[in-house]
Amino acid sequence: VSSSGYGSAIGWAANIFSAEGDSYLKAVSFYTNDTNSSYDIYIYKGVSAGSPRSGQLVATKSGSRTYPGYYTETLNSAVLLNQDDLFSVVVKFTNSSYTYPIPIEKMINGYSSAVVSNPGESFISSSGSTWTDANSYGWNVCIKAFTNNAVSVSGTVTSGGPGLVNVEMRGLPGIPLT
């Protein structure tokens with residue numbers, strides 16, 4: 001319902017998530033709010049509470065959009081998450097001119113009065129190094145993470161002779177086995 005910034009066309013935002021079960025992170029979504037904007041996405045696993053860029057960097061993706069809007073970006077490779085893993089989706093927004101590049105939701109009576117902001121979920125930064133908990137303003141940043149349940153990859157011996165075995169592999173729908 002709004003946006004925030006630091007008087008610059010560049011702003012950083014992050015959400016920290018806890019994996020509800022074994023799953024694969026496949027995509028993230030967010031809003032852009034200016035023409036000719038660009039973004040850099042960073043995915044971290046094993047993050048510390050309150051520190052979105054801690055842990056291990058496991059995926060990145062960059063892009064740009066001509067028009068403002070809501071976009072879903074599929075990651076180049078799915079990221080395996082284990083139950084209760086803390087992971088973050090960090091986005092660096094770069095606008096062409098609008099100096100409030102960080103998309104946020106906040107409670108506005110009669111419009112978005114169901115918005116709930118919790119400490120330790122959403123963060124904003126001018127530089128990507130020092131973070132402010134958006135809950136201190138009653139905000140959430142508009143970043144989503146899309147996962148699907150992990151299915152154990154298993155093999156079944158279907159035929160073969162000495163030293164040669166054909167194995168039928170089963171994995172997640174839509175994720176090629178390598």
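For this structure, a couple of remarks:
- Of the candidates Y31, Y6, Y67, the single residue that is among the aromatic types (F, W, Y) and assigned to a strand (DSSP E or B) is Y31.
- Selection from the range 105-133 of residues that are under 16 Å from S3 (Cβ atoms) and either modelled with pLDDT under 95 or in a loop (DSSP other than H, G, I, E, B) (or both): E105, K106, M107, I108, Y111, S112, V115, S117, S126
- Flag set for A78, criterion: in a strand (DSSP E or B) and either at pLDDT below 95 or over 21 Å from A134 (Cα atoms) (or both).
- Some residue of the range 154-170 being open to solvent by 30 Å² or more (accessible area, probe 1.4 Å) and modelled with pLDDT of 95 or more: no
- When Y67, Y71 are checked against the criterion of being closer than 30 Å to G7 by Cβ, at pLDDT 95 or above, open to solvent by 40 Å² or more (accessible area, probe 1.4 Å) and in contact with a Lys or Arg (Cβ under 9 Å, 6 or more places away or on another chain), a single residue qualifies: Y71.
- Test: residue in the range 14-31 that is more than 17 Å from K144 (Cα to Cα) and β-branched (V, I, T): no
- Residues of the range 55-64 satisfying the condition of being more than 26 Å from S2 (Cβ to Cβ) and either among the charged types (D, E, K, R) or open to solvent by less than 80 Å² (accessible area, probe 1.4 Å) (or both): G55, V58, A59, T60
- Residue, surrounded by the most Cβ atoms within 10 Å (Cβ to Cβ), within the range 74-109, restricted to residues that are β-branched (V, I, T) and over 13 Å from the mean Cα position of the chain (by Cα): I102
- Counting the residues of the range 53-73 that are under 11 Å from the mean Cα position of the chain (by Cα) and either on the phi > 0 side of the Ramachandran plot or of a type outside the set (S, T, Y) (or both) gives 3.
- Taken over the range 25-49, the criterion of being more than 12 Å from the chain's Cα centre (by Cα), open to solvent by 40 Å² or more (accessible area, probe 1.4 Å) and over 12 Å from F93 (Cβ atoms) is satisfied by T35, N36, G46, S48, A49.
The values are calculated or read from the model by the stated rules, or taken from the named source; none is laboratory data. As the structure is a prediction and not an experimental result, all values here were calculated from the model. Don't worry about glycine lacking a Cβ; one is built from the backbone with ideal geometry, like all the others, and counts go over all protein chains shown. The area values use the complete protein model at the heavy-atom level, side chains included, leaving out ligands, DNA and RNA. Shrake-Rupley method; radii C 1.70, N 1.55, O 1.52, S 1.80 Å.
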